[in-house]
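Chemist: The structure under discussion is supplied below as structure tokens; questions concerning it will follow.
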Amino acid sequence: MDSSICLGSTDWYEEIFLKKIRNYFSKDRYQSSSMGRRRPWIIFSQICALFASFGLLFVHDPVTKSLKTLVIAFFIHSIFASIQDASVDAQAITMIRKDERGKLNSFMRAGFLIGSSIGSAGLSWILRNIGYFQAALINSIVLFLFTLLTFFIKEKSDDQLFPCSKKRKSRKDIYQQTMNYSIGKLFHELFRSLFSKESIRLVCPILIVYLSQSIFIRAYNIHLIKVLHWSDTSVSILSGTWGTLIVILVVLLTGYLSDRIGSRRLLIVVVIIHGIYMFTVNLITSFWYKKSIATIVLILWSMMDPLLSSASMPVLMSLCHQHIEGSQFTTYMSMVNLSDLFGSFLSGHLQNRFQANFIGLGCAFSILIAFFILIISLYFERKHRIIHEKLEKNILI
């Protein structure tokens, strides 16, 4: 189980070790293009990921004979998927106004949920009932159609669709580099922003909650399959299609509230909801054998991660500094995804020693710690802001 999850998440290993250099070249360094600042990198990475996906069609009998070939194909695909993901994040943070970031993240998360639910529910059924080749073929066709659509989406109305399109002289001036950072200065600014007091105070509790989520849901899913004898497709469908129908509406509402009341206030509320959920679910373990209760637990959990993403992503965006915002935000994103990956790894080892409900209670206490860290962090932030405002008033007087 641990190995399978790690193979599927290889792009985040690549993200954390090679991302800094890639971001330097692709997002915060070379942005002068007639096709847009980030768009060329998005299109390039999607085309490469598409070819890697087509490579899956040439894998025959992946379980018994071609497992190594399948691993290589997934690894190649994950490299370009991480570039595409990082470039899209950089495009989002530089194009969207601060007062619209909540809605932006909610729409991005809703799109992710729709895609992942169709993938987990639909492709798992095809893989189990029809075959591997048909599942890989459908996956490649869908990826091809979306890649084709990307060619006709511009960052700005007067960007060129293709490099060979008729050039506009003004494009070069508009996309000229605003800050000609050397690689040394870019790294210096990036690490100074990442390790600032404000960044550490807010990022740490977010990572703790993500880690706790990951540990518990892996343990709970394995408990359903091994102890309660659910089929793997039942878990996939419930955590996919049916849960998504409710969650998308909740995510869109969360994005609206984030822009309305402030992302940091909303983050406190969401962490409280996570803590209540985690304590409640793991204190009613004796009712998990009832399918209705177990299903409600699974569907409610499907809301937890999207809620946290909708509340935390605008907070992480607000921490990013100008000129390095692409690199800084994708660093935060890689930390979040690596916490999820590490959580799945840690969960597998914890399950060898503890039952799922004890693991869940440990996660609940971790979320409680994250809540107190967050409260203290926001208290110091508010105190600093008040002092700063008083100093400005004194200067004016």
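The values are calculated or read from the model by the stated rules, or taken from the named source; none is laboratory data. For clarity, every value in this text was computed on a predicted model and none was experimentally measured. Please note: Cβ atoms are built from the backbone with ideal geometry, for glycine as well, and neighbour counts cover all protein chains shown. Ligands, DNA and RNA are stripped out before the accessible areas are found, and what is left, the full protein with its side chains, is counted by its heavy atoms. Shrake-Rupley method; radii C 1.70, N 1.55, O 1.52, S 1.80 Å.
Chemist: Check segment 310-319 and report whether any residue there is open to solvent by less than 10 Å² (accessible area, probe 1.4 Å) and within 11 Å of the chain's Cα centre (by Cα).
Modeler: For segment 310-319, residues open to solvent by less than 10 Å² (accessible area, probe 1.4 Å) and within 11 Å of the chain's Cα centre (by Cα): present.
Chemist: Output the residues belonging to segment 319-358 that are outside any helix (DSSP H, G or I) and of a type in the set (S, T, N, Q).
Modeler: Those that are outside any helix (DSSP H, G or I) and of a type in the set (S, T, N, Q): Gln322, Gln351, Asn352, Gln355.
Chemist: In addition: Could you give me the residue pairs with C-beta distances under 7 Å whose first residue belongs to segment 288-302 and is under 13 Å from Val250 (Cβ atoms), whose second residue is open to solvent by less than 10 Å² (accessible area, probe 1.4 Å) and at pLDDT below 85 wherever it lies, and which are 6+ apart or on separate chains?
Modeler: From segment 288-302, the pairs are Ile299/Gly243; Ser302/Gly243; Ser302/Val247.
Chemist: If a residue has to be open to solvent by less than 60 Å² (accessible area, probe 1.4 Å) and either farther than 29 Å from Ser106 by Cβ or part of a loop (DSSP other than H, G, I, E, B) (or both) to count, how many in segment 266-292 make the cut?
Modeler: The qualifying residues number 3.
Chemist: Sticking with this structure for a sec: Considering each residue of segment 75-105, count those that are of a type in the set (Phe, Trp, Tyr) and crowded, with 21+ Cβ neighbours inside 10 Å, and give that number.
Modeler: Going through segment 75-105 one residue at a time, the tally reaches 1.
Chemist: Mind checking whether some residue in segment 51-58 is closer than 21 Å to Ile138 by Cβ, open to solvent by less than 50 Å² (accessible area, probe 1.4 Å) and not in a helix (DSSP H, G or I)?
Modeler: No, there is no match, as no residue in segment 51-58 is closer than 21 Å to Ile138 by Cβ, open to solvent by less than 50 Å² (accessible area, probe 1.4 Å) and not in a helix (DSSP H, G or I).
Chemist: Take the residues in segment 211-261 that are under 22 Å from Thr280 (Cβ atoms) and not in a helix (DSSP H, G or I), then tell me which one is modelled with the lowest pLDDT.
Modeler: Taking the candidates together, the pick is Trp230.
Chemist: So Tyr132 ticks every box in (1) open to solvent by 40 Å² or more (accessible area, probe 1.4 Å); (2) more than 21 Å from Asp61 (Cα to Cα) but one. Which box is left unticked?
Modeler: For Tyr132, the failing item is (2).
Chemist: Please find, among Leu113, Leu143, Leu137, Leu123, the residue that is more than 22 Å from the chain's Cα centre (by Cα) and either modelled with pLDDT of 80 or more or part of a helix (DSSP H, G or I) (or both).
Modeler: Leu137
Chemist: Here's another thing I want to ask about it. Looking at (1) at pLDDT 85 or above; (2) polar (S, T, N, Q); (3) under 20 Å from the mean Cα position of the chain (by Cα), can you tell me which one Ser327 breaks?
Modeler: Unmet condition: (1).
Chemist: Now, a different point. Sort out which residues of segment 363-383 are closer than 17 Å to Met304 by Cα and among the small types (Gly, Ala, Ser), and write them in order of number.
Modeler: Within segment 363-383, Ala364, Ser366, Ala370 meet the criteria.
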